[in-house]
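Have a look at the structure below before the remarks.
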Amino acid sequence: MSNREQELDTAMQQVRCIECLAKVQVRKSAWEQTSVQWTDEALDLCRERPARATGNLPRDQFVGCETLRAAVRDETVQGNLKLADRAAAS
Amino acid sequence: MHMVRVDPQPLGDQSPHADPARYARGWHCLGLSHRFRDGGVHRLAAFGVTLQVQADGQDQLTARLEAGHSPQDLSCLEQDGLFYVWHDPQGNPPPQDLTIPRLRSGTGAEDDEDLEWSAWAWKETTLAASTGQVMEHVVHLADSPHVTESEQLYFKNVFEGQLATQYFEGPLHHSYQLQDPGQNAAAIQLADSVAGYYGPAVMIAQLDYVMEDRNLDAIVLTAHYPIDEQHLVLMTGVMVRTEQPPAPELKTAAAGHATQILRSITGAVRAQLDDAAATGCRAACGASSPVAALHRWYSQFFVDEQDVSPQMTERFEYEVDTTMPMDLWTRSSARNLILRRVNGKQLA
């Protein structure tokens, strides 16, 4: 992998949630694939994340923020969030 | 790659290491607890030394690492018919924010006191591999052929704090299907599973299988503990939600599935080792790949607690979702392009 490809591969773009002030780093390699890097600060701001988990089993864990998911989808459809593999190919 | 015999055979000649090996901080499962309750002292090869397990005067199981001149008593946990030990090279007690969840709703520790879930179908094997190599199967579904085929699939890895959670919804991965279904065993058509690593060595999966004629609720526990740097014990237990009265074929399905999962994981570990041997090194992967994220998360268990960094613990999500049809994506983005073009013309 060349330096240029490495750069594209690792590049994440900032996405803001439309409901709260959380900012996360997002990378999409394809329409169906999304990586999200949170910070502890963004997690604290998230309104969908319960303050306290109801249980400790795997199904009790926070799957992810649906509002943020919609925001990422919108950003992608608008063309603001580039698909990483497409960027590497073009 | 070869399978090595289970104890008490010595594991062969190993070259002396300059640095003493470091084993992960975390809860480790040693298997079914009743095995340690026969009144005797049990010695296991674990964490590069000997681990001694026995029941004390109050019938509580105790564990002690016999490391040279300073034996170390380990914190223990017995629940759901399983025995766990807390291993920490720094000697600290287990943290409050990482507990192994209770799996059985009944109060009894023994299998036969639970009316809701079957007894454990339990399998163990000894594997010539390092613990890190076993971990990787948790992200490998992301690279499975399903993702490139047109099947409906939802897959997600979440790493946060000391937990790593994997979500899967779709056709059951081929390597997990029963290879040799019994005459009463129905094929599993769809699987909905959420699996969580509670620290570096204990994974609990809640599974909902859709079969031809029924749904099957199962809990799968996959765990490992290191014997030494190159060997480990891998174990898988399956219990299924029982019907009233319990259906005998459910028990058969559970036992078959435990064997299959163990086979699948050992197969995956072997393939990884063969692959690594063939290419000489692992393929380079970017920081946003699930393998890199797994490595960052896993590394927290091998450094002193004060050296655990936010990069190791801050929440990271890797999601593959093919349930939203591609043409919907394409249509909405195409419409957007057209709108933009039209707007551009209007602006011009």
message = Kindly evaluate A:Arg27 against the criterion of being at pLDDT 85 or above, in a loop (DSSP other than H, G, I, E, B) and basic (Lys, Arg).
response = no
task = Take B:His69 and decide whether it is out of contact with any Leu (no Cβ under 8 Å at 6 or more places or on another chain) and either open to solvent by 20 Å² or more (accessible area, probe 1.4 Å) or not small (Gly, Ala, Ser) (or both).
result = yes
ask   = When residues of region A:30-54 are filtered for being within 7 Å of chain B (Cβ to nearest Cβ) and assigned to a loop (DSSP other than H, G, I, E, B), how many remain?
value = 4
key: Checking A:Val15 against (1) without any contact (Cβ under 8 Å) to a residue 40 or more places away in the chain; (2) more than 10 Å from chain B (Cβ to nearest Cβ), the condition it does not meet   = (1)
Unique match (being more than 9 Å from every other protein chain (Cβ to nearest Cβ) and either on the phi < 0 side of the Ramachandran plot or at pLDDT 65 or above (or both)) among B:Ser309, B:Ser333 = B:Ser309
key: Every pair of residues 6+ apart whose Cβ atoms lie under 6 Å, when the first sits in region B:295-317 and is outside any loop (DSSP other than H, G, I, E, B) while the second is among the basic types (Lys, Arg)   = B:Phe301/B:Arg25; B:Phe302/B:Arg22; B:Gln311/B:Arg296; B:Met312/B:Arg296
key: Tally, over region B:33-65, of residues that are open to solvent by less than 50 Å² (accessible area, probe 1.4 Å) and part of a helix (DSSP H, G or I)   = 2
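Based on what the data block shows, is B:Arg104 outside any strand (DSSP E or B) and open to solvent by less than 20 Å² (accessible area, probe 1.4 Å)?
Criteria met by B:Arg104.
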remark   = Pairing a residue in region B:55-68 that is farther than 18 Å from B:Tyr84 by Cβ with any residue that is part of a loop (DSSP other than H, G, I, E, B) and open to solvent by 40 Å² or more (accessible area, probe 1.4 Å), where Cβ atoms lie under 9 Å and the two sit 6 or more apart in sequence or on different chains, gives B:Ala67/B:Gly48
request  = Look through region A:63-76, keep the residues that are within 8 Å of chain B (Cβ to nearest Cβ) and open to solvent by less than 30 Å² (accessible area, probe 1.4 Å), and return whichever of them is nearest to B:Leu294 (Cα to Cα).
outcome  = A:Gly64
message = Could you check region B:200-226 and list, in sequence order, the residues that are away from every other protein chain (no Cβ under 14 Å), out of contact with any Ser or Thr (no Cβ under 7 Å at 6 or more places or on another chain) and outside any loop (DSSP other than H, G, I, E, B)?
response = B:Tyr209, B:Val210, B:Met211, B:Asn215, B:Leu216, B:Ala223, B:Tyr225
ask   = Residue check: is B:Val138 at pLDDT below 65 and within 11 Å of chain A (Cβ to nearest Cβ)?
value = no
Given (1) modelled with pLDDT of 90 or more; (2) open to solvent by 20 Å² or more (accessible area, probe 1.4 Å), number of the condition B:Ala164 does not satisfy = (2)
ask   = When you look at B:Gln206, is it at pLDDT 85 or above, of a type outside the set (Phe, Trp, Tyr), open to solvent by 10 Å² or more (accessible area, probe 1.4 Å) and in contact with a helix residue (DSSP H, G or I) (Cβ under 7 Å, 6 or more places away or on another chain), yes or no?
value = yes
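The values are calculated or read from the model by the stated rules, or taken from the named source; none is laboratory data. Keep in mind that what you see is a predicted model, and the values were worked out from it rather than measured. A quick note on method: Cβ atoms are made from the backbone with ideal geometry, for glycine too, and the neighbour counts reach across all protein chains shown. These area figures cover heavy atoms from the full protein model, side chains too; ligands, DNA and RNA do not enter into them. Shrake-Rupley method; radii C 1.70, N 1.55, O 1.52, S 1.80 Å.
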